[in-house]
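The values are calculated or read from the model by the stated rules, or taken from the named source; none is laboratory data. Note that the coordinates shown come from a computational prediction; the quantities given were computed from them, not determined experimentally. FYI the Cβ positions are ideal-geometry reconstructions off the backbone, even for glycines, and counts take in every protein chain you see. Just the protein is used for accessible areas: all its heavy atoms, side chains included, with ligands, DNA and RNA removed. Shrake-Rupley method; radii C 1.70, N 1.55, O 1.52, S 1.80 Å.
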Amino acid sequence: MLAAASGITAGAIYKHFDSKSDLFFKVVQRVVQSVPIPTVESESDPTLLPRIVATYTMQKLKRLRQLAVEIHYASVKHPKVRQVLRRSLDHNIEQIRNGVAAMQRAGKLDQTIDSESLACVIMVLVMGLMHMETLLPQLVGDAKWHDFVQDRAAALMGMPDSGSSRRSGERSQQ
């Protein structure tokens with residue numbers, strides 16, 4: 001099916017990959033390494049991380065969410081996939097933690113919040129959002145839900161309510 005969809009022969013695929021599982025692993029590796037991750041550059045805009053988290057509620061990331069669920073499922077069966085996924089998650093958590101710590105040092109976020117714990121909670125929130133097609137399909141692409149998630153991510157970071165939930169409510173009433 002992949003060969004036909006790509007307009008090449010199965011032999012051409014196996015010229016580059018030893019097996020179906022090798023091909024699958026390379027696809028997983030590329031996807032995991034290219035996923036838009038919730039990071040924060042140094043002491044930049046503290047609203048960036050909540051906005052990135054909220055993008056995982058949007059329709060445009062449907063394929064990414066679906067693939068993430070498949071990759072997590074595959075990681076149970078395939079040690080190589082599990083290893084790549086674990087490295088990626090650890091890297092993402094480290095980037096979030098470092099960004100939060102930098103914003104704390106710059107006085108933009110509450111310094112009493114543990115940056116490691118916050119990074120882990122943000123990653124868990126993102127992983128939960130990856131399952132929206134299964135858990136909450138009616139909320140995929142919903143502006144009010146998007147704003148709620150953004151506000152809750154900001155609250156986790158110790159930021160005041162941005163009011164985006166109220167703005168969404170105002171938009172839906174118009």
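Given the pairs LYS26/LYS80; LYS20/LYS77; LYS15/LYS77; LYS60/LYS108; LYS26/LYS60; LYS15/LYS62, which are separated by over 20 angstrom at their Cα positions? Spell out each step's value before the answer.
On the way: LYS26/LYS80 10 Å; LYS20/LYS77 14 Å; LYS15/LYS77 25 Å; LYS60/LYS108 31 Å; LYS26/LYS60 23 Å; LYS15/LYS62 31 Å.
Cα-Cα > 20 Å for LYS15/LYS77; LYS60/LYS108; LYS26/LYS60; LYS15/LYS62; rest within.
Please work out the average accessible area per residue across the stretch 43-159, using the 1.4 Å probe convention, and give it in Å².
Numbers: 6100 Å² over 117 residues.
With all protein chains present, the stretch 43-159 gives 52 Å² per residue.
Label-to-label distance for CYS120 and ASP90 is 1.5 nm, based on points extended 7 Å past Cα in the beta-carbon direction. A crude spin-label estimate for the pair HIS16 and GLU133, with each label 7 Å from Cα along the Cβ direction, gives 2.3 nm. Only protein heavy atoms count here; on that basis, with a 1.4 Å probe, VAL124 has an accessible area of about 100 Å².
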